1. Among C:45, C:31, which is outside any helix (DSSP H, G or I) and either at the interface with chain A (Cβ under 8 Å from one of its Cβ atoms) or of a type outside the set (Lys, Arg) (or both)?
2. Go through (1) more than 18 Å from residue B:32 (Cα to Cα); (2) assigned to a helix (DSSP H, G or I) for residue B:214 and report which single condition fails.
3. Search the range B:15-24 for residues being part of a strand (DSSP E or B) and out of contact with any helix residue (DSSP H, G or I) (no Cβ under 8 Å at 6 or more places or on another chain), and hand back the single one that is farthest from residue B:201 (Cα to Cα).
4. Answer with yes or no whether residue C:111 is of a type in the set (S, T, N, Q), modelled with pLDDT of 90 or more, over 28 Å from residue C:2 (Cα atoms) and in contact with a helix residue (DSSP H, G or I) (Cβ under 8 Å, 6 or more places away or on another chain).
5. Pull up the range A:4-13, narrow it to residues that are in contact (Cβ under 8 Å) with a residue 60 or more places away in the chain and within 12 Å of residue A:106 (Cα to Cα), then point me to the one that is nearest to the other protein chains (Cβ to nearest Cβ).
6. Can you find a residue that is under 17 Å from the mean Cα position of the chain (by Cα), of a type in the set (A, V, I, L, M), within 30 Å of residue C:48 (Cβ to Cβ) and away from chain C (no Cβ under 14 Å) anywhere in the range A:19-41?
7. Working only within the range A:152-184, note down all residues that are over 24 Å from residue A:122 (Cβ atoms) and within 11 Å of chain C (Cβ to nearest Cβ).
8. How many of the residues in the range C:77-92 are buried (at least 18 other Cβ atoms within 10 Å of the Cβ) and over 18 Å from residue C:157 (Cβ atoms)?
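The values are calculated or read from the model by the stated rules, or taken from the named source; none is laboratory data. Remember, predicted model here, so these are calculated numbers, not experimental data. All Cβ positions, even for glycine, are placed from backbone atoms using ideal geometry, and neighbour counts span all protein chains on display.
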Amino acid sequence: MTAFALASRTRGHLLFERNIMVYRRAWMTIFSGFFEPLFYLFSMGYGLGHFVGKIHGVSYPHYIAPALLASAAMNGAVYDATTNVFWKLRYGKVYDSMLATPLGPVDVAVGETAWAQFRGLLYAIGFMVTAAALGAVQSWWGLLALPAAMVVGFGFAGVGIGVATFLRSWQDFELVQVVLLPMFLFSGTFYPLSVYPTVLQWFVRVSPLYNAISLVRSFTLGHVTWYCPLNAAYLLAIGVVGIAVARRRMAGLLLT
Amino acid sequence: MDALIHARGLTKQFGSITAVAGIDLDVTRGEAFGFLGPNGAGKSSTMRMIGCVSPPSGGTLRILGLDPVKDGSAIRGRLGVVPQADTLDNELTVKENLVIYGRYFGLSRADVRKRADELLEFVQLSERADSKVEPLSGGMKRRLTIARALVNDPEVLLLDEPTTGLDPQARHVVWDRLFRLKQRGVTLILTTHYMDEAEQLCDRLVVMDGGTIAAEGSPLELIREYSTREVVELRFAGEAPEIGEDAFGDLVQRVEVLPDRLLLYTDDGDALVPVAHERLHPQSVLVRRSTLEDVFLRLTGRTLVD
Amino acid sequence: MEYSLRAYEYWLTVYRRVWRGTIMTSVLNPVLYLAAMGIGLGSIVKKQQLGLPYLDFVAPGLLAAVSMQVAAVESSFPVRGAIKWNRQYFAMLATPLRVGHLVAGHLLYVSTRVLVSVCLYLAALAAFGALHSWYAILTIPLSLLIGLAFAAPISALSAYADEEVFNPLFRFIVMPMFLFSGTFFPVTRIPHGLREIAYATPLWNGVDLARHLTLGGPTLWRSLAHVAYLLLWVVVGVWLARIAYRKKLVT
């Protein structure tokens, strides 16, 4: 599905293979990422949740769990797509060596997107298992939360790869943070959209993470509506645009 | 004869800078072909165009009969590339570098493991197979890069300054391996600014300067055409004296004045030495064979290594 | 002292080159967190159950947490870099400076960074109307104390261990402390057994004192106990840092 399908149809799957080779030894880096969303769930959901009560008839931990799942998929994907791709592109010269083989910029862009998406998915699965055990999945629709997390990961991985090709130094990562943090805080993660004045609500609705959270929340709570395909289409679209930008930029940077 | 590499009027521009200014080339199968020239002569740009990672700005280029812009991926599948700066994957071990690189070429996992072991043997790195790349010496990294370039059993091996930055011993090891490849019939294309490297390895070479080809031929042909049989080098305690081209009559064909010495080009060094001693009173005198360095000096008015 | 100031000057010189990148996040982060947590989340937290508006509750918690985060970041990678990647510490030791000066100079620098961030934070708090007592001014020295309670032991660790330690440090120590030390909810919500761990963290001691200062009404003995506990972390941390620096730099 999504970037995996693209990767298996191009030579992108070879980048996936390389990354598995690397992380077989550095598994701690990936493993440690599982816990952050869980810590948030216990702290905000069960700790603070006591003072919040129910939102739309849903207990607070169950309300934020899907949001944390979507954020986990986003963070895993974006972190990998920006930091790792930037390093390989500017310092590691990893892609230079790949382009001396039959691999081309498309394979690199697609393969790295697939990997970043995969990392996001891993975190989503880890979180999902725990959240389900805690009763946060209230409907059989919840099974669709994982494919939804894949779409979320794809969208953010694609955008992340695209952005990574524009970063010039480690200082530029501050700019990435300046976008990510407000998105995490204001996209309906911890409270419903109705808290905002109407004008602001429309700003939040275009945030990619808001769409991701709506999508996953619809499934875990079983409130599936026609917004779901819209949310998914939006995320798929930004992912595709990101990959296309990355392919062009990488060709420009590497094939000179 | 089928030309593996065929170029006519090949040009490369970066903005307003012309790196390669219309060169013609034909490299045939089994040949060891060299680009000799100083830094900035356009050697690496030419190599990158041949490696299909740099689209030509003008002229025609055919590699293995194919168009590098349209069929880059297919061509690269049949080339081996040793870039100027090592691009080894520091996150992987020595052997993993070879294995994954072979996978990039579409080799099966089983084949590539076997191939990796053979290649590590060939470049004498078997004991370091499971070591990380970072702690390897410069010479070892270079050998690993060469092994990596051979993983797909390439028809053509491109080497961009294969021994720059290596100590003399490490250079000889690399030369030895390249010589064996040449004997096996692999076509070698290399750039260098070391004349000894060019003389050791190349059947034929072009001298590049300022993006153009100044001369072409085998090392011997070039020396015969552009230099004399021998050179007398004179060093002086102070400034070298100013002398004209015809100061020694027929005995000296050409004179080069370098900052630290005087070069007299002659066909009979032994006859020239006593005469030069008597007339110029140098501090030291050396008679040697002409080399590609002299060819380069003649063609460009500059030395190769500053 | 004079020598320590020279080491401090080095870090300031570096900071002067990159401060623009950090100022954006230093100013933005507190405003964003306060807006999201204090106002957004605050609108759905029930005041009657918590006993006070959520903004007032979370504001001092975030202030203490910021001191910790700035201190932790500035004592990890920069210290490792000065020993391993850029090796500035070796260059400094080739001058009359000694190990103690390097430790002191670096901690002075971290204090400066904490001070800048916390002052910006306090300004934002005042603007949001979350300061209710003149005691709040004392959160400035308190934040320095919190910062040092983290900076000293973390710089010891950064000097001693390889950079692989940073990933677990931030994900398994700093991040959980941020979330479970009374920053976002009262630690009494944590079940016994785990709650005692929260009480033992330097961050909880900082948060609790900061909360009493901004809301008014700190009690003397409780405040002294918090300060003494944080000081203990500083003293032991500095002692460990000097040992670790010496072990890595003077061989």
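1. Only one candidate passes the filter, namely C:45.
2. (2) is the only condition that residue B:214 fails.
3. Restricting to residues being part of a strand (DSSP E or B) and out of contact with any helix residue (DSSP H, G or I) (no Cβ under 8 Å at 6 or more places or on another chain), the top hit is B:17.
4. Here the answer is no, as residue C:111 does not meet what is asked.
5. The selected residue is A:11.
6. The answer is no, given that none of the residues of the range A:19-41 is under 17 Å from the mean Cα position of the chain (by Cα), of a type in the set (A, V, I, L, M), within 30 Å of residue C:48 (Cβ to Cβ) and away from chain C (no Cβ under 14 Å).
7. The answer is A:169, A:170, A:171, A:172, A:174, A:175, A:178, A:182.
8. Selection size over the range C:77-92: 1.
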